[in-house]
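Just below is one structure, and these are the notes that go with it.
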Amino acid sequence: MKLVSILVLGATIAALALPALAGEKPVNLSLFTPISIAKESDSVTAFRFNLIYGKNTSVRVVDLGLVNHTTSGLSKGLAWGLVNFAEADFKGIQLAPANIVQGNFEGFEWGFVNHAENARGLQLGFVNYARTMHGVQIGLINIIEQDGFMPFFPFLNWSF
């Protein structure tokens, strides 16, 4: 009887956990959303390649493509494309002409335009913007809206 109770409890827990796991995919290949292996509402746990445009809740490890778009949660790893756009948080390395993080950013951004609401790390680009920053910006136009060395300073700006 005890074994049956344990099995029923285990099956119940597994059944409750399956919907959460269903939203995670290890790989996504996308021509443009919604023409992709994973749905827009899925998170990608290992690798995403976007031929034109890809949109998922989050991506971990490697995100490659023309336009890489994440919508919620923490994305982390390497994002490399023409545009990297994170509506939520990003941790890692972003390499693109345009890098935009609307949440918290931690790591390294390298591009023509780098934008992060709350940045921690290094922004290297022509135009760098952070509302708050704990780190360094190197570029022609460097803006740290709150508590930077200067709100605007050419070539180099920082906040610690």
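What to note about this one:
- Residues within the range 142-160 that are in contact with a Phe, Trp or Tyr (Cβ under 9 Å, 6 or more places away or on another chain), surrounded by fewer than 17 Cβ atoms within 10 Å (Cβ to Cβ) and more than 17 Å from F108 (Cα to Cα), tallied: 2
- The set of residues in the range 81-95 that are out of contact with any Phe, Trp or Tyr (no Cβ under 7 Å at 6 or more places or on another chain) and of a type in the set (A, V, I, L, M) comprises L82, V83, A86, A88.
- Pair list, Cβ under 6 Å, 6 or more apart: the range 94-121 residue farther than 11 Å from M133 by Cα, other residue modelled with pLDDT under 95 and of a type in the set (A, V, I, L, M): none
- Within the range 53-76, the set of residues being at positive phi, part of a strand (DSSP E or B) and either touching an Asp or Glu at 6+ places or on another chain (Cβ under 7 Å) or surrounded by fewer than 18 Cβ atoms within 10 Å (Cβ to Cβ) (or both) comprises just one member, V61.
- Selection within the range 24-41: residues that are crowded, with 18+ Cβ neighbours inside 10 Å and part of a loop (DSSP other than H, G, I, E, B). The member of this set that is modelled with the lowest pLDDT is T33.
- The set of residues from the range 48-63 being under 13 Å from the mean Cα position of the chain (by Cα) and of a type outside the set (A, V, I, L, M) comprises R48, G54, K55, N56, T57, S58, R60, D63.
- Enumeration of residues in the range 102-136 that are in contact with a Leu (Cβ under 7 Å, 6 or more places away or on another chain) and farther than 20 Å from G81 by Cβ: G135, V136
- Residue selected from the range 116-141 under the condition of a type in the set (S, T, N, Q) and surrounded by 22 or more Cβ atoms within 10 Å (Cβ to Cβ), by the criterion nearest to the chain's Cα centre (by Cα): Q123
- From the list N84, N50, the lone residue that is part of a strand (DSSP E or B) and closer than 26 Å to N157 by Cα is N84.
- A single member of F90, F105 is within 12 Å of the chain's Cα centre (by Cα), under 25 Å from L31 (Cβ atoms) and aromatic (F, W, Y), and it is F90.
- Checked against the criterion of being assigned to a strand (DSSP E or B), at pLDDT 95 or above and either in contact with a Pro (Cβ under 9 Å, 6 or more places away or on another chain) or farther than 30 Å from N56 by Cβ (or both), the range 98-112 has at least one qualifying residue.
The values are calculated or read from the model by the stated rules, or taken from the named source; none is laboratory data. From a predicted model like this one, the values you see are computed outputs, not experimental measurements. As a convention, Cβ positions derive from the backbone with ideal geometry for all residues, glycine included, and neighbour counts pool all protein chains shown.
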